[in-house]
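The values are calculated or read from the model by the stated rules, or taken from the named source; none is laboratory data. What you are looking at is a predicted structure, and each value in this text was computed from that prediction instead of being measured. Ideal geometry is used to build each Cβ from the backbone, glycine not excepted, and the neighbour counts take in all protein chains shown. These area figures cover heavy atoms from the full protein model, side chains too; ligands, DNA and RNA do not enter into them. Shrake-Rupley method; radii C 1.70, N 1.55, O 1.52, S 1.80 Å.
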Amino acid sequence: MLIVQKYGGTSVANAERVFNVAKRVKSYYDEGNSVIVVVSAQGDTTDDLIEKAKEINDKPSKREMDVLLSTGEQISMSLLAMALEKLGAPVISLTGWQAGMLTNSNHGNARIKKIDSERILRELDQSKIVIVAGFQGINKYDDITTLGRGGSDTSAVALAAAVGADLCQIYTDVRGVFTTDPRIVPNASKLDDISFDEMVELASLGANVLHNRSVELAKKFNIELEVLSSLEYERGTIVKGVKQVEKMLVRGVARDNDVARITIKNLDDEPGAAFKLFSLLAKKNINVDIILQTLGSDGKQDISFTVPESSLESAVETLNDNLSEFGAEKILFDKNVSKVSIVGAGMASNPGVAAKMFEALYSANINILMISTSEIKISVLVEQSLAEAAVREIHDKFGLADL
Ligand code: ADP
Ligand code: ASP
Ligand code: MG
């Protein structure tokens, strides 16, 4: 079999863990499989590198930031290769660019355009274990790019698609995908399987156990993923296309703290107001999420919406520069908010799911600031300090514990 395995930061955090991974990789290799391993940076290395950059320059160019951040994964790949050498296994480590990961030029959040897998296949042909640095690639100008936080999952799935792997395993520090983050709700249940669509939603709504783009890719190329612990020998969660007969009402609860709310007060209530406002933000590449518009009175209205916290500064700056264009009075913003969401493919055909979620919040005396719904999810915005309590209440209300 041709296997792609990805090991996250905690799984390679220190020498002991690196050897633990090396032994696991070798056991698959010794069974006669071809193995490609994608690694993340050790422990908090990426965060530490970001801090280091800040000490020098609080607004470094994105290009240089990518040069710096890509080094974290290079440490892991070489250490893992050395551990495998020590165990007597033939191995080679490759950077993203050596492995042919070609991306666009969107530094810090680059997208993989193509993988030129010739080198990897050549090394596999020589019976080597191939270790590839996750989270990184190269653009058409030969500059180093990174794929966005958590992006090693996406490197792994893209590689699995490119080489036509038979199995793609994502090893992490929990036993699989749970009904919610087990660090918030210790008795959350591990899911045996979950559909691509539900997993894309959960990941996009803050369940960072998988990078959302990795799940989108897995769906596109129909690559079944297994999410499992690198510290145990137990079955994990299979992420796959659905053939479920009965869709689950609610599969999971997610929380996202990377959210800020912006309110524009006393905006002109006239055709084109929303268009003008949101096209300004679109031009700055700012992703707008939940939008709420008040009923107009006296020709004025308020519009509130959420953006990722990392885009807040740029959004507020852009809007303040153009306030007069929409006749607005002022802009308010709040970073201390979180989005809490439920996801389930069965909720579209079941009335009452939203009411049940709101009841859970009411009984915990948690105020809802904004609401948004789609076919397979319901999200609410709450005060950040109440978000974990909200997750627990909702998780409990839908009976997701110890399934
Ligand atoms: P890695 O370094 O292996 O990529 P991450 O920290 O990116 O690991 O992702 C694993 C973490 O995701 C877990 O430690 C857990 O706290 C968090 N998490 C959030 N939501 C979920 C969920 N629904 N199921 C499992 N883990 C989750
Ligand atoms: N090291 C990168 C990060 O911390 C990529 C990853 O872990 O997937 O975001
Ligand atoms: Mg991760």
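Quick look at the numbers
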{"quantity": "The chain - percent relative contact order, Cα under 8 Å, separation 6 or more", "calculated": "14 percent"}
{"quantity": "Loop-located trypsin sites (Lys or Arg not before Pro) in region 133-237, at most 14 other Cβ atoms within 10 Å (DSSP)", "calculated": "LYS140, ARG183, ARG235"}
{"quantity": "Calculated diffusion of region 245-338, Stokes-Einstein form, Kirkwood radius summed over Cα pairs, 37 °C and 0.692 mPa s, µm²/s", "calculated": "229 µm²/s"}
{"quantity": "Ellipticity estimate at 222 nm from DSSP helix runs (n ≥ 4, -39,500 (n - 2.57)) divided over the chain, nearest 500", "calculated": "-10500 deg cm²/dmol"}
{"quantity": "Choice from SER363, SER76, SER204 showing the highest fluctuation, given a GNM over the chain with Cα pairs closer than 10 Å", "calculated": "SER363"}
{"quantity": "Of the DSSP H helices in the chain, those whose Cα atoms cover at least 30 Å axially and whose Kyte score averages -0.5 or more", "calculated": "62-86"}
{"quantity": "Most fluctuating residue given options ILE331, ILE120, ILE371, as computed from a GNM of the chain linking Cα atoms under 10 Å", "calculated": "ILE331"}
{"quantity": "Inter-label distance, nm, simple model (7 Å from Cα along the C-beta direction), LYS335/GLU118", "calculated": "4.8 nm"}
{"quantity": "The chain - percent of accessible surface contributed by carbon and sulfur, probe 1.4 Å", "calculated": "47 percent"}
{"quantity": "Zero-based 5 Å bins, Cα pair distances in region 233-295, whole percents", "calculated": "3, 9, 15, 16, 11, 9, 10, 11, 8, 5, 2, 1, 0"}
{"quantity": "Distance cut-off 29 Å, percentage of C-alpha pairs in region 244-403 lying past it", "calculated": "28 percent"}
{"quantity": "Stretch gain in nm, segment LYS265-GLU383, where the contour uses 0.36 nm per residue and the Cα spacing is subtracted", "calculated": "40.4 nm"}
{"quantity": "Set of region 68-82 residues, backbone N closer than 20 Å to the point 7 Å along the Cα-Cβ line of SER105", "calculated": "68-70"}
{"quantity": "Value of Rg/Rh across region 72-223 [Cα atoms, Kirkwood radius]", "calculated": "0.99"}
{"quantity": "Residue with peak Gaussian network fluctuation, the chain [Cα springs, cutoff 10 Å], from THR294, THR46, THR172", "calculated": "THR294"}
{"quantity": "Residue-normalised accessible area of the chain, expressed per residue, 1.4 Å probe, Å²", "calculated": "47 Å²"}
{"quantity": "Projected-area average for the chain over all orientations - Cα convex hull basis, square nanometres", "calculated": "21.5 nm²"}
{"quantity": "Efficiency of FRET from Cβ geometry, VAL242 and ASN187, R₀ 25 Å, rounded to 0.05", "calculated": "0.45"}
{"quantity": "Region 295-370: C-alpha gyration tensor shape, a/c 1.5 cut-off, then a/b vs b/c", "calculated": "prolate"}
{"quantity": "12 Å beta-carbon shell around THR46, net charge (K/R +1, D/E -1)", "calculated": "-4"}
